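Student: Got a structure for you, questions after.
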Amino acid sequence: MYLNENNFLITTANSAEEAKEKISIIKFDLIVLDIMMPGKSGLEFTTENKEKIISTISTISNELLENLDGLEKWPNKVKVMQKNWIGKSFGCEIDFKIEGSEKVKSIKCYTTRPDTLFGFSFLALSVDHPISNYYKNDKKFLKFK
């Protein structure tokens, strides 16, 4: 196998519970999940453990950004492209309370420009956003979609 031949350490888990235990102990560079894991699907696992997974990804991206300048043989143009691709944004998550809806109580939104929130007049969601499931039988929504 390519990964073994190139000295990558591979760890496996036989269930979602075992995977959860391992991500709490080991800092992984890559996590590959089977869509049909024993105990729950890979999607369910990711949803339940996204804070830990995002934290790991953030740590890795920070390490990559910090170490790019040490690559002396790389052209500066390539290092700038890598920095832009990895990206690093600073912002905040806002929880908008929704009034007048029995189904949707709030919508979380991330922005790198919280200063612009005072002037916004509407909030748009993708028709593929999970909230749209509440309106999947609504004729107006289906026509719009």
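The values are calculated or read from the model by the stated rules, or taken from the named source; none is laboratory data. Note that the structure is predicted; figures quoted are calculated from it, not measured. For neighbour counting, all protein chains shown are included, and Cβ atoms are generated from backbone atoms with ideal geometry for every residue, glycine included. Ligands, DNA and RNA are excluded from the accessible area calculation, which covers all protein heavy atoms including side chains. Shrake-Rupley method; radii C 1.70, N 1.55, O 1.52, S 1.80 Å.
Student: Name every residue in the range 23-39 that is surrounded by 14 or more Cβ atoms within 10 Å (Cβ to Cβ) and within 24 Å of E63 (Cα to Cα), in order of residue number.
Tutor: Hits for the range 23-39 are I23, F28, I31, L33.
Student: Go through the range 91-135 and report how many residues are more than 20 Å from T47 (Cβ to Cβ), touching a Lys or Arg at 6+ places or on another chain (Cβ under 9 Å) and open to solvent by 90 Å² or more (accessible area, probe 1.4 Å).
Tutor: 1
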